[in-house]
Amino acid sequence: MPTYLLVAQMLISIVLITTILSQLHGGGIGGIFGQADSVYRTRRGIESTLFKLTIVLIILLVIFAVLIVSWS
């Protein structure tokens, strides 16, 4: 199995973890106590970009995993 596939998968996973951790968390502990935070809102700006980047990175991670398994 080529080393470049493994390195690419590791880099994608690191970027994916960073992207997920940098997203804003909604609700928080206020949702436990019945705080009215259930208003629908759309993603805008950097939040939308991070969401789309997360989806692309997940797809790439799955593709590289399938390539690594099929190569073996």
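The values are calculated or read from the model by the stated rules, or taken from the named source; none is laboratory data. Not measured: the values here are computed from a predicted model. Note that each Cβ is placed from the backbone with ideal geometry, even for glycine, and that neighbours are counted across all protein chains shown.
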- Message: Against the definition (at pLDDT 85 or above and more than 12 Å from the chain's Cα centre (by Cα)), how does VAL69 come out, yes or no?
- Response: yes
- Message: Between a residue in segment 9-32 that is over 17 Å from ILE46 (Cβ atoms) and any residue that is modelled with pLDDT under 55 and of a type outside the set (Ser, Thr, Tyr), which pairs come within a Cβ distance under 8 Å, given they are 6 or more apart or on different chains?
- Response: GLY27/ASP37; GLY28/ASP37; GLY30/ASP37; GLY31/ASP37
- Task: Just need a number here: residues in segment 32-46 that are surrounded by fewer than 10 Cβ atoms within 10 Å (Cβ to Cβ) and either in contact with a helix residue (DSSP H, G or I) (Cβ under 6 Å, 6 or more places away or on another chain) or modelled with pLDDT of 60 or more (or both).
- Result: 5
- Task: Using the structure shown, decide if ILE29 is at pLDDT 55 or above, assigned to a helix (DSSP H, G or I) and among the β-branched types (Val, Ile, Thr).
- Result: no
- Query: Going through segment 42-61 one residue at a time, which ones are over 21 Å from ALA8 (Cα atoms) and polar (S, T, N, Q)?
  - Reply: THR42, SER48, THR49
